[in-house]
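The values are calculated or read from the model by the stated rules, or taken from the named source; none is laboratory data. A quick note: this is a predicted structure, and the numbers were derived from the prediction, not measured. Cβ placement follows ideal geometry from the backbone for every residue including glycine, while neighbour counts extend to all protein chains displayed.
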Amino acid sequence: MSAHNSQAVERYRNDFLREVEERVEEGQWVKMCMQCGVCAGSCPFGPHWQHSPQKLFMMIRAGKRQEVLSSDSMWMCTSCYNCVVRCPRQLPITHIMHGLASYAHRLGLAPKSQPTREFATMFWNNLAKKGRVNELKLTLALYFKDGLVSGIKTALGMQSIGLGMVKAKRLNPMEILGGHGLKDLKGFHAIIAKAREIEDKKKGLVS
Amino acid sequence: MAKKEYAFYPGCSSQLKASASNYLTSVNSMCKTLDVKLTEIPDWNCCGASIGYAEGGELPRIAINARNFALAETHLPGQDIVATCAACWLGARESKDRLDENSVLMKETNEALAAAGLHYKAEVKVRHMVEVLIEDFGYDELKKPVKKPLEGVKFAGYVGCQTNRPFGIAGESFENPKYLDKMVETLGGEPVESYDQKVTCCGGALAFSEPDKSQKQIRDIVESAYDHGAEMIVTPCPLCQANVEVYQSEINKKQGTKFNMPVLYYSQLMSVAYGGSMKDAGLDGQLIRATRLEEIAKK
Ligand code: SF4
Ligand code: SF4
Ligand code: SF4
Ligand code: SF4
């Protein structure tokens with residue numbers, strides 16, 4: 001168990017709803033859900049959600065901490081906002097899904113090698129480094145995440161697309177050497193570090 | 001009409017030689033005709049996109065968006081921020097709304113910004129390019145400069161998610177937004193109004209991490225355009241454009257379809273209709289060539 005996780009278990013005991021309210025982005029909305037089920041039919045990857053947003057909200061209230069945080073479901077969220085515009089109680093469902101996923105990731109409870117978890121992490125790390133996304137490095141990182149052999153296979157499979165993009169001037173092979181970046185990178189990093197420090201302190205996530 | 005000025009937030013994908021660089025090219029051409037001056041926010045950073053959530057957390061994401069606002073307020077005072085990328089617009093506008101509503105978040109954000117000597121005053125407005133076209137110009141104004149109407153070309157207007165939800169364009173419905181159809185009409189083309197996958201999600205960033213699930217969405221989006229007689233798809237969103245164009249060959253390979261449907265930006269249509277060359281409109285940046293538009297551009 002990660003240190004963050006044992007600390008959280010200790011602190012909230014059996015009150016998972018309160019833990020979500022205090023630590024998950026927009027978590028204070030969960031208690032407003034009236035279980036109407038509208039959101040459950042909204043997700044584009046619906047059949048692949050073991051627990052729909054509606055179910056997840058019910059499980060949170062029932063204190064099913066382990067099941068919720070280790071669920072693969074919220075990682076299926078495509079940020080399409082179908083649910084948000086339909087929910088009669090106007091819950092920011094998209095952000096609660098992101099918040100649950102992010103919190104589970106932070107505690108080390110999210111499913112291992114969940115592809116969206118890996119991609120989302122790569123994406124943030126890529127942008128946090130230079131301030132802007134380097135699409136080439138992101139693509140390569142994605143292909144090679146499972147190791148060299150499978151990476152080369154994926155890359156070869158996608159080669160015609162990649163070359164087409166280069167030819168159309170929509171992917172820059174020179175990005176490997178650096179690419180777009182900010183002038184005030186130092187300031188950018190300082191903002192992120194400070195923001196993270198404030199958030200962690202507020203949520204009691206200090207290690 | 002007097003020159004209109006905006007603080008421009010192009011986003012990562014619209015940079016030179018990035019996946020939506022042809023979007024930027026066509027936006028510049030369109031703005032030249034409409035006498036719009038876009039000044040890039042100096043040293044802008046990426047918005048974090050929706051997919052940044054897992055590792056980014058809440059405050060860091062809001063703070064990097066506020067950095068862009070603070071830079072715009074300082075260097076381009078009084079100008080609205082205009083984004084061309086749906087995800088940038090959404091990320092920025094959501095951050096702004098949350099900051100405006102929540103004084104604690106505002107205080108914390110400014111504490112973080114102070115680490116780089118910046119301060120956000122909450123004066124700036126965040127808008128999508130489509131909003132600017134519709135609200136600051138209007139269809140009648142947009143029609144005036146048309147030199148080469150896109151006669152006889154049938155377009156399926158694919159709005160997608162994030163330009164449409166949760167904010168959308170004022171006066172449009174979430175289920176059946178009509179502005180792309182109206183734009184096509186304004187430019188002399190034929191909108192395929194019966195197109196029924198207008199607001200279907202293409203999978204967004206999950207096209208990378210969950211390719212099969214996303215390609216099922218994309219297949220529906222393209223197939224329906226064919227079924228309703230469209231020759232091309234037009235969209236306002238760079239990720240929609242890339243997903244729907246780039247994966248057609250993959251889907252053909254895996255599922256034996258014969259998709260070859262060009263996917264364009266509204267701004268490319270405008271550039272061509274306003275008399276721009278193939279290059280002005282970024283048509284040379286298509287993976288699936290838009291032959292009929294190229295012909296009109298060459299006329
Ligand atoms: S639509 Fe809203 S109220 Fe209904 S179940 Fe979903 S979250 Fe709850
Ligand atoms: S935003 Fe996420 S939770 Fe909401 S409908 Fe789309 S996929 Fe489902
Ligand atoms: S939405 Fe995409 S392109 Fe736009 S700034 Fe964010 S990461 Fe960059
Ligand atoms: S349709 Fe796809 S790319 Fe466009 S906004 Fe929705 S998820 Fe994003």
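So which residues in the stretch B:72-87 are part of a helix (DSSP H, G or I), surrounded by 24 or more Cβ atoms within 10 Å (Cβ to Cβ) and at pLDDT 95 or above?
B:Ala72
Is at least one residue of the stretch B:68-86 at the interface with another protein chain (Cβ under 7 Å from one of its Cβ atoms), of a type outside the set (Lys, Arg) and within 22 Å of the chain's Cα centre (by Cα)?
No, there is no match, as no residue in the stretch B:68-86 is at the interface with another protein chain (Cβ under 7 Å from one of its Cβ atoms), of a type outside the set (Lys, Arg) and within 22 Å of the chain's Cα centre (by Cα).
Within the stretch B:198-223, how many residues turn out to be more than 7 Å from chain A (Cβ to nearest Cβ), within 11 Å of A:Pro44 (Cα to Cα) and without any contact (Cβ under 8 Å) to a residue 12 or more places away in the chain?
1
Can you tell me how many residues within the stretch A:83-114 are closer than 17 Å to A:Pro44 by Cα and either of a type in the set (Ser, Thr, Tyr) or within 7 Å of chain B (Cβ to nearest Cβ) (or both)?
Total satisfying the criteria: 4.
Suppose the filter is of a type outside the set (Gly, Ala, Ser) and either assigned to a strand (DSSP E or B) or surrounded by fewer than 24 Cβ atoms within 10 Å (Cβ to Cβ) (or both); does B:Leu59 pass it? If you could, list the steps in order and put the result at the bottom.
Numbers: of a type outside the set (Gly, Ala, Ser): yes; either assigned to a strand (DSSP E or B) or surrounded by fewer than 24 Cβ atoms within 10 Å (Cβ to Cβ) (or both): no.
For B:Leu59, the condition - of a type outside the set (Gly, Ala, Ser) and either assigned to a strand (DSSP E or B) or surrounded by fewer than 24 Cβ atoms within 10 Å (Cβ to Cβ) (or both) - is not met.
Given the structure, is B:Val159 away from every other protein chain (no Cβ under 14 Å), assigned to a loop (DSSP other than H, G, I, E, B) and within 27 Å of B:Glu294 (Cα to Cα)? Let's see the steps before the verdict.
On the way: away from every other protein chain (no Cβ under 14 Å): no; assigned to a loop (DSSP other than H, G, I, E, B): yes; within 27 Å of B:Glu294 (Cα to Cα): yes.
It is false that B:Val159 is away from every other protein chain (no Cβ under 14 Å), assigned to a loop (DSSP other than H, G, I, E, B) and within 27 Å of B:Glu294 (Cα to Cα).
Name the single residue, out of those in the stretch B:98-134 being within 13 Å of chain A (Cβ to nearest Cβ) and assigned to a loop (DSSP other than H, G, I, E, B), that is nearest to B:Thr84 (Cα to Cα).
The residue in question is B:Tyr120.
For the stretch B:177-190, which residues satisfy the criterion of being surrounded by fewer than 20 Cβ atoms within 10 Å (Cβ to Cβ) and over 16 Å from the mean Cα position of the chain (by Cα)?
Filtering the stretch B:177-190 for residues surrounded by fewer than 20 Cβ atoms within 10 Å (Cβ to Cβ) gives B:178, B:182, B:185, B:188, B:190.
B:Lys182, B:Glu185, B:Gly188, B:Glu190, listed by residue number.
Restricting attention to helices (runs of 4 or more DSSP H) lying wholly within the stretch A:18-120, give those where 1 or more residues are farther than 21 Å from A:Glu199 by Cβ and more than 10 Å from ligand 1 (Cβ to nearest atom). Step through it out loud before you land on a result.
Working: elements: A:53-61, A:65-69, A:82-86, A:93-107.
Here the list reads A:53-61, A:65-69, A:82-86.
Taking the stretch B:263-287 as the region of interest, how many residues are over 19 Å from the mean Cα position of the chain (by Cα) and within 14 Å of chain A (Cβ to nearest Cβ)?
The qualifying residues number 2.
Looking only at the stretch B:170-187, how many residues end up being in a loop (DSSP other than H, G, I, E, B) and within 20 Å of B:Val263 (Cβ to Cβ)?
So the answer is 3.
Hey, can you tell me all the residues within the stretch B:42-56 that are surrounded by fewer than 24 Cβ atoms within 10 Å (Cβ to Cβ) and either within 7 Å of chain A (Cβ to nearest Cβ) or in contact (Cβ under 8 Å) with a residue 60 or more places away in the chain (or both)?
Of everything in the stretch B:42-56, those that are surrounded by fewer than 24 Cβ atoms within 10 Å (Cβ to Cβ) and either within 7 Å of chain A (Cβ to nearest Cβ) or in contact (Cβ under 8 Å) with a residue 60 or more places away in the chain (or both) turn out to be B:Asp43, B:Glu55.
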